[in-house]
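Student: First the structure, then my questions, so here it is.
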Amino acid sequence: MWFKAYNCCFYLARSMTYNKRKTMKLFSTILLILVIFTGTVFSAPRVKIVTEYVTPNMYASNSAFTADSTVATGLRTVAKGTYVYLRAWNFGDTNPITGITWTFNSKPSGSTAVFSNVTGLSTWQKFKADLTGTYEVKVSIVTSGGSKDTTISINSGTFVGTGGFDSVAAAFPNCMSCHGSTPKFQEIFNDWKTTDHATKFKSMITAGPSSYGINQFRVHTLGYDHYIATDNNGFDDKARTLGWNWTAYAPPKSSNWDSLKKKFPSLVAFSNVGCESCHGPGSEHVFNGGDTTKIMKSVDEGTCGKCHDSQYLGPEFAQWKNARHSQVVWSSSFGQNNYATPNDLGNCVRCHDGQGYVNFTKGKATNTNGMTQANHEMVACATCHDPHDKTNPSQVRSRPLNSDTLANGFHYTGVGTGVVCLDCHKARKSADTYPQTTRVTSSSWGPHHNSQGDLFLGKNLATFGGTPYRQTQHFAFLPNACVTCHMAPTDTTAANKDKVGGHALYLHNDANDYDHLKACQNCHFGKTRFDQFIADQDYDGNGVIQAWRLEVDGALRRLRIALPPYGVDSVAWQLVAQDSNNVNLRKAYFNYLSIAEGSERGMHNAKYTIDALVASRNILTGIVPNSSEVPMKYEMSQNYPNPFNPSTKINVSLMKTSNVRILVYDITGKQVAELANTVMNADNGIDIYGKVGAVLYEDDNSIKVDAGFTHPNFGLTYVRYFGYAGESDGVTGYYQRSFQDNLFSTSASVSYSRYRLGNVYDTEKINSLSGMLGFTYRPTPQFSVDVPAIGCLKSFNIKSMKIAKLYLLVLSGLFIFLASTAYLSKDTVVNKQQDPSHIGSNPDGIAEINFGELAHDTLGGGIVPNPTWDRSTATCSNVYCHGTFKGGNTSASGIIGNNGSGKSTLIKALVGIITPSQGEVVMTIEKEKIPKELHFKHIGLMSPYLSLYDELSGYENLEFFMNLKCPDKPSNEKEEKINLLLESVGLFKRKKDLYKNYSSGMKQRLKLAFSLLNDPQLLLLDEPCANLDKEGIEVVYKFANQQKEKGMLIVATNEEADLKLCDTLLNIEDYKKR
């Protein structure tokens, strides 16, 4: 790294010769680079002396502390005769300390204090402050990065008492003998004297349990020896001097306090947890003219832990040590100087530093100029709880007027003590304005972590029009909001105790996968796991209605895939930033950050969270809500504008939140595109934008979209498709393909036009992209292919390449039809059946296709109810039959009938090319029913009416359809399969020839290879030997006989030679309606 910096500087210096006027600027740049690299490569240690606390529970569990008999607050103002614990901390870099030297620069005259080790703690030292006065301590450390030293002053003193409590006047040197005349301190004192800190000892000696005594005095009085015996004018020393002895008063009784107050009034100033309990002994402060350096103010946890981490005062401190509040994140960016607005949501220290939050509650700014990690305070007891004031329940702190609002201005009420949590656990920016006006510039753009409050309250996520996001109403039922659930009593089992609930705040223990749902059970009876809260439908599109948390996880994943870099399960803020004018993208990204970084997986407000995720993904995939009204019925409008425009819009109205899917299938029933697959909220107008023109209609059970048919309500459909390459690195251009004939024609001409990208034809880039899509680009300016009338295009959306946006619309097969299933009239989402693809890999599986009362009536391409058969007109084809075809028994079935009787119509119905007007086709394999949308996985079709692509070679045709039929198969296996089929049908040597140059017999052979690409269990041969020579017929028979052994074969023919393949025959004439 240093070598690279040197070279960088060398070249910069050399460039000075080119322009002397830039010399100073370049010189400054060199210095800056040197500073950066020096700081990076040659990081140095920085040392702080930390005064460490020792709590009663630490004392009881560590023999090193027990031997000293000392409990310490960690303040730099300590009681005379007690031990001081110091730790050397290298906060300058990550290098461990390899050497430490401790010395006294000075200490009180006559002091014999010496340093000694603390067993098991290599960076600690201790000494006993044997006299009052100041001890100046120096430490020098050595690391692999260098050496550093620093000093600290420790003030040792004695207690002077609070004074002024319970109508006993303060007397010098009591704290209130001076501070009582100061309004600021008088206000603090008046608040304090009503708290348990002030009154606990009084109430316990008068009405406490009989067990109350000396052990509790240590935490309820001022300066009581804990546990070391020393004379520092604490309560025990003062009582001994005055002659008050508990043995004369025990057990607690109503007269005890009045007796103490009357007989020993000066002891009252020490009979509470007073000023010096938290600020340190005050003698050196008092007798040195009020020197503020000799008294201390701190929100460090040790001040409270000295008493509260005790068997007598509960487990709160131990719980806090297990909470993230005890490990608050630090960043050097917190040094933001003195904020103009005191600790607003934009100032990090408000929530990342204990003192910063206290300053916020007091309306004070925090000057962080020069702040380092050494100054960082955890969010500890005194951060949230005011030791002086019991105005609020649990002595939680108050906050400035109007600060209980979200960033978008929403003022929240009724959240009880949870208001403290909401001071920090909310987004720092408004979703109503920030994404609209502020471009993404860094990884910290947006709500910035911990938006739990916004989600809980169901506010401050970006919206996109339409009906409001739903709510789960937790905020209406939880009196203390966050506190109600997160601070429910901890679990009592050893594995979970103090790790969940209470001040630990966690509701899950990762170590044993325990969910802490004590608070939930008040309403959700019997629930012991978060995953027992089941969503009301499938939101993540995986076909299964799962727990809310899993649905939120899945919806988050789908949104990530819809965000840049598009198509992959990750998000890159840099790519979001590139699309700088896309407000909807920024709003969706804002929502993603709010929910992903909230770490609550929807449980605070599941419906609000999921609706925002769904809406965010929908807007990125072309689904735009345009009304806030809830319609009276389900409805889908005709697409608009007409498909001759670059894109078309489908408007859907939903009565309730519903799962809507629009799918594109090819001739074999394989799904080749998905225009929509998402949950949509109830809305009177949701626009689904797509590159599709289609006939739209609805029936009693679902909304459907079909192309290739006409419908009485909408008439003739024309189709045009449009796509473009986006703008990046100066690359612009587009591809256009359009049907030029209406769908009643025998075929439609599809033109492919290539436009210039930038200044050159970037053939290599186009080929690399098209190769991913299974489409081969040819550098001819324009060419045309003929396709059947019933056709459409598959749309691919590739956004992960260097080109920022690219839509390549690729022709995906013959007789492609659109089908949509939007389970809109169901009360619950209908789960998709499990994909039985494993069955297709078993060549010995018993396959069966059953069709009962199957009928199809057509007239001129339109659906005609109850047609009348009239052989003389020859315009109507009518099939009415039923039966069962079975495979796996070395047999084949044949379909025979006169010309025009409906053999091919039945084949098309079995394959799914056409939808029968009556009855249905049922496929079962190994007795398991195969969903209709998955029939294609098991079917192969060879027919004269199959049209492959003239402008592709034989190999390219098979490669293209292999990519559609078997997308998950490895490339090398696809290549091997294609070459094997070409060899088997005798076309291997001609595989590079264009299809249009094949003879009719060669085309028929390639269609046979096409039908075998996916190793079908059901092979349908419609007039298979048409146009074939003797050798070609033998090839067909070879594969037909092989198919009989492993699956099912159906042959539609009138050729006697072909019928020899069949063991059973179905004569269409036997089923004709007349």
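The values are calculated or read from the model by the stated rules, or taken from the named source; none is laboratory data. Model, not experiment: these values are computed from the prediction. Heads up, the Cβs are rebuilt from the backbone with ideal geometry, glycines too, and the neighbour counts pull from every protein chain shown.
Student: Within the bounds of segment 462-470, is there any residue that is out of contact with any helix residue (DSSP H, G or I) (no Cβ under 8 Å at 6 or more places or on another chain) and among the charged types (D, E, K, R)?
Tutor: No - not one qualifying residue is present in segment 462-470.
Student: Which ones in segment 76-90 are under 9 Å from Ser156 (Cα atoms) and in a strand (DSSP E or B)?
Tutor: Scanning segment 76-90 gives Thr77, Val78, Ala79.
Student: Is there a residue in segment 415-430 that is over 29 Å from Ala380 (Cβ atoms) and of a type outside the set (Val, Ile, Thr)?
Tutor: yes
Student: While we're here: Here are some residues: Thr366, Thr361, Thr383, Thr405. Which one is of a type in the set (Ser, Thr, Tyr) and surrounded by fewer than 18 Cβ atoms within 10 Å (Cβ to Cβ)?
Tutor: Among Thr366, Thr361, Thr383, Thr405, only Thr405 is of a type in the set (Ser, Thr, Tyr) and surrounded by fewer than 18 Cβ atoms within 10 Å (Cβ to Cβ).
Student: Then there's this: Being surrounded by fewer than 16 Cβ atoms within 10 Å (Cβ to Cβ), touching a residue at least 12 places away in the same chain (Cβ under 8 Å) and either in contact with a strand residue (DSSP E or B) (Cβ under 7 Å, 6 or more places away or on another chain) or over 30 Å from Trp445 (Cα atoms) (or both) narrows it down to one of Val544, Val568, so name that one.
Tutor: After ruling out the rest, the residue left standing is Val544.
Student: Out of Ile939, Ile913, I need the residue that is buried (at least 21 other Cβ atoms within 10 Å of the Cβ) and at pLDDT 75 or above. Which one?
Tutor: After applying the criteria, what remains is Ile939.
Student: While we're looking at this one, here's another question. Output the helices (runs of 4 or more DSSP H) that fall wholly within segment 408-478 and possess 2 or more residues being within 25 Å of Ser580 (Cα to Cα), or say none.
Tutor: Where helices (runs of 4 or more DSSP H) fall fully within segment 408-478 and carry at least 2 residues being within 25 Å of Ser580 (Cα to Cα), they are 434-437.
Student: Give segment 1062-1074 a look and list any residue that's at pLDDT 75 or above, touching a strand residue (DSSP E or B) at 6+ places or on another chain (Cβ under 6 Å) and under 24 Å from Thr924 (Cβ atoms), or say none.
Tutor: Cys1062, Thr1064, Leu1065, Leu1066
Student: Output the number of residues of segment 341-369 satisfying the condition of being over 31 Å from the mean Cα position of the chain (by Cα), at pLDDT 90 or above and charged (D, E, K, R).
Tutor: Counting residues in segment 341-369 that are over 31 Å from the mean Cα position of the chain (by Cα), at pLDDT 90 or above and charged (D, E, K, R) gives 1.
Student: One residue is enough: does segment 1039-1054 have a residue meeting the conditions of a type in the set (A, V, I, L, M), in contact with a Cys (Cβ under 7 Å, 6 or more places away or on another chain) and buried (at least 20 other Cβ atoms within 10 Å of the Cβ)?
Tutor: Taking every residue of segment 1039-1054 in turn, at least one turns out to be of a type in the set (A, V, I, L, M), in contact with a Cys (Cβ under 7 Å, 6 or more places away or on another chain) and buried (at least 20 other Cβ atoms within 10 Å of the Cβ).
Student: I've got another one for you. Could you name every one of the helices (runs of 4 or more DSSP H) located completely within segment 287-403 that has at least 1 residues being in contact (Cβ under 8 Å) with a residue 24 or more places away in the chain and in contact with a Gly (Cβ under 9 Å, 6 or more places away or on another chain)?
Tutor: 301-308, 316-321, 349-352, 381-384
Student: Can you pull out every residue in segment 24-74 that is modelled with pLDDT under 85 and acidic (Asp, Glu)?
Tutor: Asp68 - this is the single residue of segment 24-74 that is modelled with pLDDT under 85 and acidic (Asp, Glu).
Student: Mind listing just one residue for me: the one in segment 995-1048 that is assigned to a helix (DSSP H, G or I) and of a type in the set (Ser, Thr, Tyr) and, of those, nearest to Lys965 (Cα to Cα)?
Tutor: Ser1011
Student: Kindly provide the set of residues from segment 108-142 that are in a loop (DSSP other than H, G, I, E, B) and of a type in the set (S, T, N, Q), ordered by number.
Tutor: Ser109, Ser111, Thr112, Thr119, Thr132
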